[in-house]
1. Out of (1) in contact with an Asp or Glu (Cβ under 7 Å, 6 or more places away or on another chain); (2) in contact (Cβ under 8 Å) with a residue 40 or more places away in the chain; (3) surrounded by 23 or more Cβ atoms within 10 Å (Cβ to Cβ); (4) closer than 20 Å to Pro275 by Cβ, the odd one out for Gly128 is which?
2. Tell me which of these Glu160 doesn't satisfy, since it passes every other one: (1) touching a residue at least 60 places away in the same chain (Cβ under 8 Å); (2) over 25 Å from Lys327 (Cα atoms).
3. Kindly indicate the residue of region 327-365 that is closer than 25 Å to His27 by Cβ and of a type in the set (S, T, N, Q) and also farthest from the chain's Cα centre (by Cα) among those meeting that condition.
4. Can you work out which of the residues in region 144-178 that are outside any helix (DSSP H, G or I) and of a type in the set (A, V, I, L, M, F, W, C) is nearest to the chain's Cα centre (by Cα)?
5. If Asp145 passes every condition in (1) out of contact with any helix residue (DSSP H, G or I) (no Cβ under 6 Å at 6 or more places or on another chain); (2) modelled with pLDDT of 95 or more but one, which one does it miss?
6. Please indicate, with yes or no, whether at least one residue in region 346-366 is in a strand (DSSP E or B), free of Cβ contacts under 8 Å to residues at least 60 places away in the same chain and surrounded by fewer than 16 Cβ atoms within 10 Å (Cβ to Cβ).
7. Give the residue that is modelled with the lowest pLDDT, with candidates limited to residues of region 215-238 that are in a helix (DSSP H, G or I) and surrounded by 15 or more Cβ atoms within 10 Å (Cβ to Cβ).
8. So is Glu270 among the charged types (D, E, K, R), assigned by TED's automatic domain parsing to the domain that holds Ala217 and in contact (Cβ under 8 Å) with a residue 60 or more places away in the chain or not?
Amino acid sequence: MMIFLERVKELAENFKALNSPIRVISHLDADGISAGAIISRALEREEKKFSLTIIRQLTNEKLFELSKEKYENFLFLDLGSGHIPLMESLLKGKKVFILDHHIPEKDSKIINVANPHLAGLTSDDVSGAGVSYLFSKFLNSRNKDLAHLAIIGALGDTQEVNISLNKEILNDALETGNIKIEKGLRMFGLQTRPIHKLLEYSLDPFIPEITGNEEKAIHFLNSLKIPVKDEKDNWRRVCDLSEEELKKLAAAIILKRMPSQENPEDIFGEIYVLPSRNSESPTRNAKEFATLLNACGKLGKPSIGLAVCLSEKFEGAALELLNQYRKEIVDAINWFYQNKNSEHILENEKFILIKTNGFIRETLTGVMASVLSRSNIIDNQKLVIVSSHTSDGKIKFSIRTNKDNLNLKELLGNLKQNVEIDYGGHKNAAGCFVEKDQEEKFVKCLLEEINRKFY
């Protein structure tokens, strides 16, 4: 851990010497948006001029475009580690910094790279936002007040925040008072959603038969004799329930999850609360905040997410995106149910390949794959592969696994010798873009690789 922190400190010292504008590139998920917010505030405090762009993926084409810009300084957040050799070529003579936690293609003597993998750690020890926070803290100790944004980023990447470097960052957030820890139900919208809607849209934890079905959610509550409306005909929220009703609801959810879920009781856990945020806002709960940022990014409005990180004034616009995002995810899961036995889905004992053919946005393939891999709707030992058409005529593939002996980024890397792809990700979650005319070849090579090496 100390080796990594020393490296981050060294990079921060090198960065302080820059005196010309900085080109900042970050990823559009919750981790990348949080990282962008942290760095934006830190650079403002250093009075450094910068231009920030948030992108869905760093590709060879995007790097070529960036190399034509007239910037001398580049800072990549939550991406870049997989393109180090190309950066050394295209950005030769520039000052380049990478603050990332994805598996790097290599180290570099030319590019300034802060990555936990290069210090004997892993992607799970710290998020991209966490690396950005530590860097900012070394720039100026005043930036300690940004630690809560790094926790939001880590939760967005489904990381455990009570271990390793995340624990150190959490301690900073607790010390500044920007986060406090409570115990309770791990469900989205406890303060804001009507109970039946909370159940209908509950993806993590997943509730068999109820997630995605409003009618069954209402029937479930009626069977428990928990009224969905109060005496004034207003929809009731979980925070409106009595203690007895809450216990009854929790016990029933656990029973509902018991036949198919590995840990049916994991509906409870630590909740990380931002006490400065409005009690009825989803941004008060750090995990819900992360979901809101994902919604902004995945629906093509990452700048709104960035703004909400730094100010409450933009929450209204973000909430509209959040509602749309949750609906699209539930629609995607329902589409899966409806098409499970169709030609769109190929399944055997090793994997399930879901070709949505553009029914869902390309930015939601990873979300859909993650929900399905965690839900036990399908065997959780299978690889889950979801594809969709992109706006620029390519095919986006997202892959998820729960198996510890698989490395999905390595799997995709092995395919590059046979088919041209832009890929990235982690050990258990990875993705790539493929030209449309290469889709059939890619799928064939992918399935052969799964059979050959990993099973």
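The values are calculated or read from the model by the stated rules, or taken from the named source; none is laboratory data. From a predicted model like this one, the values you see are computed outputs, not experimental measurements. Neighbour counts are summed over all protein chains in view; Cβ atoms, including those assigned to glycine, are modelled from backbone coordinates with ideal geometry.
1. In the conditions (1) in contact with an Asp or Glu (Cβ under 7 Å, 6 or more places away or on another chain); (2) in contact (Cβ under 8 Å) with a residue 40 or more places away in the chain; (3) surrounded by 23 or more Cβ atoms within 10 Å (Cβ to Cβ); (4) closer than 20 Å to Pro275 by Cβ, Gly128 misses (4) alone.
2. (1)
3. Per the criteria, the residue is Thr356.
4. Out of the qualifying residues, it is Val161.
5. With (1) out of contact with any helix residue (DSSP H, G or I) (no Cβ under 6 Å at 6 or more places or on another chain); (2) modelled with pLDDT of 95 or more applied to Asp145, the lone miss is (1).
6. Yes: region 346-366 contains one or more residues that are in a strand (DSSP E or B), free of Cβ contacts under 8 Å to residues at least 60 places away in the same chain and surrounded by fewer than 16 Cβ atoms within 10 Å (Cβ to Cβ).
7. Among those residues, the one meeting the criterion is Val238.
8. For Glu270, the condition - among the charged types (D, E, K, R), assigned by TED's automatic domain parsing to the domain that holds Ala217 and in contact (Cβ under 8 Å) with a residue 60 or more places away in the chain - is met.
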